[in-house]
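Worksheet: the structure to be examined is printed underneath.
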Amino acid sequence: MMKVAIDGPAGAGKSTIARAAASRLGYVYIDTGAMYRAVALFAVRRGISTKNDVAGVIGVLPEISITIRHVDGVQRIFLGGEDVSEAIRMPEISVAASEVAVIPEVRQKLVQLQRQLSETADVIMDGRDIGTYVLPDAEVKIFLTADVTVRAERRYKELCEKGTETTLDEVLRDMQYRDANDSGRAFAPLRQAEDAVAVDTTLLTAEESIDHVIAVIRGACNVV
Ligand code: CDP
């Protein structure tokens, strides 16, 4: 099975690029951020403070059942039996996801699921620690970056298109908070793997980024 790991901070273009590349190459796209978001959604709905109540989050972990299904190539994520693919995209869940993601017990549970999924098909998996921790033997590793202001503008535009009420300032603040959480945590932090190819998308359009990443994957995997 082929494994492609795409890591980087929020708004660098991971999911757009990974989804398009998977569809063109016939790989299965696995969005690991959605899993951290699902844990966060569960905790928030239970009224558990994801920032302060680590024991509370760990306590409900056994009750959390996450399943991933692909419908027409699109990943849907289920919490229990409920499709939460849209609910997990709320800005407050982004922040809560980066808070539950510092908890090693949460990561261990989700990494187990991620590794299982990588054994069932050729995959493109995106996240923060895929190349460094989840799939260290991935055939291709890509580290996507972009300036934080550009990343915030992209995410702001995305949220506006979905009708989510927010401001550019708020999106930028959330992103800086998450970047600090993700890069600063002790267990499997966000960092570039030594054998990863770095791609800076600051000045690239989505189409250009997709073409560039597909060329890197093709070069490394010998796929047409
Ligand atoms: O789409 P976006 O980049 O905004 O975020 P995401 O990929 O859905 O991830 C949400 C949060 O989950 C991140 O801020 C990380 O804290 C966490 N995460 C992680 O720790 N490890 C991963 N492999 C994926 C996500």
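Quick one: is Thr149 more than 22 Å from Gln75 (Cα to Cα), among the polar types (S, T, N, Q) and assigned to a helix (DSSP H, G or I)? Walk me through how you get there before you give the answer.
Working: more than 22 Å from Gln75 (Cα to Cα): yes; among the polar types (S, T, N, Q): yes; assigned to a helix (DSSP H, G or I): yes.
Against the criterion (more than 22 Å from Gln75 (Cα to Cα), among the polar types (S, T, N, Q) and assigned to a helix (DSSP H, G or I)), Thr149 qualifies.
Starting from residues that are surrounded by fewer than 17 Cβ atoms within 10 Å (Cβ to Cβ) and among the basic types (Lys, Arg), keep the ones in the stretch 171-207 and report whichever is nearest to Val4 (Cα to Cα).
Arg191
Out of Gly33, Gly11, Gly73, which single residue is modelled with pLDDT under 95, within 13 Å of the ligand (Cβ to nearest atom) and in contact with a helix residue (DSSP H, G or I) (Cβ under 9 Å, 6 or more places away or on another chain)?
Working: Gly33 fails: modelled with pLDDT under 95; Gly73 fails: within 13 Å of the ligand (Cβ to nearest atom).
Result of the check over Gly33, Gly11, Gly73: Gly11.
Kindly indicate the residue of the stretch 53-63 that is open to solvent by less than 30 Å² (accessible area, probe 1.4 Å) and in contact (Cβ under 8 Å) with a residue 40 or more places away in the chain and also nearest to the ligand (Cβ to nearest atom) among those meeting that condition.
Start the filter on the stretch 53-63 by keeping residues that are open to solvent by less than 30 Å² (accessible area, probe 1.4 Å), which leaves 56-57, 60-61.
Now restrict to residues that are in contact (Cβ under 8 Å) with a residue 40 or more places away in the chain: 57, 61.
Details: Val57: 13, Leu61: 15 Å.
Ranking the candidates gives Val57 first.
Just to be sure I understand, how many residues within the stretch 99-110 are closer than 20 Å to Thr67 by Cβ and either in contact with a Ser or Thr (Cβ under 8 Å, 6 or more places away or on another chain) or more than 8 Å from the ligand (Cβ to nearest atom) (or both)?
So the first thing to find is which residues in the stretch 99-110 are closer than 20 Å to Thr67 by Cβ, and the list is 100-101, 105-110.
Adding the requirement that they be either in contact with a Ser or Thr (Cβ under 8 Å, 6 or more places away or on another chain) or more than 8 Å from the ligand (Cβ to nearest atom) (or both) leaves 100, 105-106, 108-110.
Residues meeting the conditions: 6.
Scan Leu168, Leu159, Leu144 and give me the residue that is surrounded by 14 or more Cβ atoms within 10 Å (Cβ to Cβ) and touching a strand residue (DSSP E or B) at 6+ places or on another chain (Cβ under 9 Å). Let's see the steps before the verdict.
Working: Leu168 fails: touching a strand residue (DSSP E or B) at 6+ places or on another chain (Cβ under 9 Å); Leu159 fails: touching a strand residue (DSSP E or B) at 6+ places or on another chain (Cβ under 9 Å).
It is Leu144.
Restricting to the stretch 27-52, name every residue that is open to solvent by 60 Å² or more (accessible area, probe 1.4 Å) and not in a helix (DSSP H, G or I). It would help to see each step written out before you state the result.
The initial filter retains those residues of the stretch 27-52 that are open to solvent by 60 Å² or more (accessible area, probe 1.4 Å), namely 44-47, 51-52.
Passing the criteria: Arg46, Gly47, Lys51, Asn52.
Going by the structure shown, is Ala96 open to solvent by less than 70 Å² (accessible area, probe 1.4 Å), in contact with a Ser or Thr (Cβ under 6 Å, 6 or more places away or on another chain) and on the phi < 0 side of the Ramachandran plot? Steps first, please.
Numbers: open to solvent by less than 70 Å² (accessible area, probe 1.4 Å): yes; in contact with a Ser or Thr (Cβ under 6 Å, 6 or more places away or on another chain): yes; on the phi < 0 side of the Ramachandran plot: yes.
In short, yes.
Quick check on this structure: which one of Asp122, Asp200, Asp169, Asp126 is acidic (Asp, Glu), over 19 Å from Tyr27 (Cα atoms) and touching a residue at least 40 places away in the same chain (Cβ under 8 Å)?
Details: Asp122 fails: over 19 Å from Tyr27 (Cα atoms); Asp169 fails: touching a residue at least 40 places away in the same chain (Cβ under 8 Å); Asp126 fails: over 19 Å from Tyr27 (Cα atoms).
The match here is Asp200.
I'm checking my understanding of the structure. Among residues of the stretch 14-25 that are open to solvent by less than 30 Å² (accessible area, probe 1.4 Å) and closer than 27 Å to Ala180 by Cβ, which one is nearest to the ligand (Cβ to nearest atom)?
Our first condition is that a residue be open to solvent by less than 30 Å² (accessible area, probe 1.4 Å); within the stretch 14-25, this holds for 14, 17-18, 20-22, 25.
Narrowing the set further to residues that are closer than 27 Å to Ala180 by Cβ leaves 14, 17-18.
On the way: Lys14: 6, Ile17: 12, Ala18: 10 Å.
In this case the residue turns out to be Lys14.
Check whether at least one residue in the stretch 87-99 is without any contact (Cβ under 8 Å) to a residue 40 or more places away in the chain and under 25 Å from Ala180 (Cα atoms), and report yes or no.
Within the stretch 87-99, the first condition is being without any contact (Cβ under 8 Å) to a residue 40 or more places away in the chain, and the residues that meet it are none.
Taking every residue of the stretch 87-99 in turn, none turns out to be without any contact (Cβ under 8 Å) to a residue 40 or more places away in the chain and under 25 Å from Ala180 (Cα atoms).
Can you go through Ile214, Ile210, Ile124 and tell me which one is part of a strand (DSSP E or B), modelled with pLDDT of 95 or more, surrounded by 14 or more Cβ atoms within 10 Å (Cβ to Cβ) and not polar (S, T, N, Q)? Outline the logic, then answer.
Numbers: Ile214 fails: part of a strand (DSSP E or B); Ile210 fails: part of a strand (DSSP E or B).
That would be Ile124, the only listed residue that is part of a strand (DSSP E or B), modelled with pLDDT of 95 or more, surrounded by 14 or more Cβ atoms within 10 Å (Cβ to Cβ) and not polar (S, T, N, Q).
What's the number of the only condition in (1) within 13 Å of the ligand (Cβ to nearest atom); (2) touching a His at 6+ places or on another chain (Cβ under 7 Å) that Val28 fails to meet?
(1)
Does at least one position in the stretch 76-97 carry a residue that is of a type in the set (S, T, N, Q), more than 11 Å from the ligand (Cβ to nearest atom) and under 18 Å from Arg45 (Cα atoms)? Break it down into steps so the answer makes sense when it comes.
So in the stretch 76-97, the residues of a type in the set (S, T, N, Q) come out as 85, 94.
Narrowing further to those that are more than 11 Å from the ligand (Cβ to nearest atom): 85.
Next cut, under 18 Å from Arg45 (Cα atoms) only: 85.
Looking for residues that are of a type in the set (S, T, N, Q), more than 11 Å from the ligand (Cβ to nearest atom) and under 18 Å from Arg45 (Cα atoms), one finds at least one in the stretch 76-97, hence yes.
Going by the conditions given, is Ala193 assigned to a loop (DSSP other than H, G, I, E, B) and within 14 Å of the ligand (Cβ to nearest atom)?
Values: assigned to a loop (DSSP other than H, G, I, E, B): yes; within 14 Å of the ligand (Cβ to nearest atom): yes.
Here the answer is yes, as Ala193 does meet what is asked.
The values are calculated or read from the model by the stated rules, or taken from the named source; none is laboratory data. A quick note: this is a predicted structure, and the numbers were derived from the prediction, not measured. Don't worry about glycine lacking a Cβ; one is built from the backbone with ideal geometry, like all the others, and counts go over all protein chains shown. For the accessible areas, the whole protein counts, side chains as well, though only heavy atoms, and no ligand, DNA or RNA atoms are used. Shrake-Rupley method; radii C 1.70, N 1.55, O 1.52, S 1.80 Å.
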